[in-house]
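Scroll down for the structure; my scribbles are underneath it.
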Amino acid sequence: MRNQTVTREPISEEAISIVLRKRARTAGLAAQRITAHSLRAGHATSAAVAGVTLDRIAAQTRHKRLSTLLERYIRPAQALEYTSSRDLGF
């Protein structure tokens, strides 16, 4: 959507980040560190914790190199024990 007009162009990463930050602020969250990357990393981490294979995660996130997926997107499972995400009803 550009200037309220629907187009066939994909939505930009920055546009997604703007929407996410706005929604986070509305929810009373600290929005400055929330980006489109947050969605991708959250999906990759949740899928890995659920036992989804790396090749299937990479197919969804469109990662060509599994090393990038592992190093930058899948968060250590131990870190999830201390976040509020685990209390969101999943």
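The values are calculated or read from the model by the stated rules, or taken from the named source; none is laboratory data. Not measured: the values here are computed from a predicted model. Positions of Cβ are backbone-derived with ideal geometry, glycine not excepted, and every protein chain shown enters the neighbour counts.
Of the residues making up the range 23-45, those that are more than 25 Å from S67 (Cβ to Cβ) and surrounded by fewer than 12 Cβ atoms within 10 Å (Cβ to Cβ) are T26, A27, G28, A30, Q32. For the range 1-31, a residue qualifies if it is of a type outside the set (A, V, I, L, M) and part of a helix (DSSP H, G or I), and the qualifying residues are E13, E14, S17, R21, K22, R23, R25, T26.
Only residues that are part of a helix (DSSP H, G or I) and among the polar types (S, T, N, Q): list them for the range 32-61, please. Correct list: S38, T45, S46, Q60, T61. The C-beta contact set for the range 43-68 (first residue over 19 Å from E13 (Cβ atoms), second residue assigned to a loop (DSSP other than H, G, I, E, B) and among the aliphatic types (A, V, I, L, M), distance under 6 angstrom, 6+ apart or interchain) comprises A48/I74.
Among the numbered conditions (1) part of a helix (DSSP H, G or I); (2) modelled with pLDDT of 90 or more; (3) among the basic types (K, R), the only one that K64 does not meet is (1). List pairs: first in the range 1-20 and at pLDDT below 80, second among the polar types (S, T, N, Q) and in a loop (DSSP other than H, G, I, E, B), Cβ under 9 Å, 6+ apart or cross-chain? Listed by first residue and then by second, the contacts come to M1/T7.
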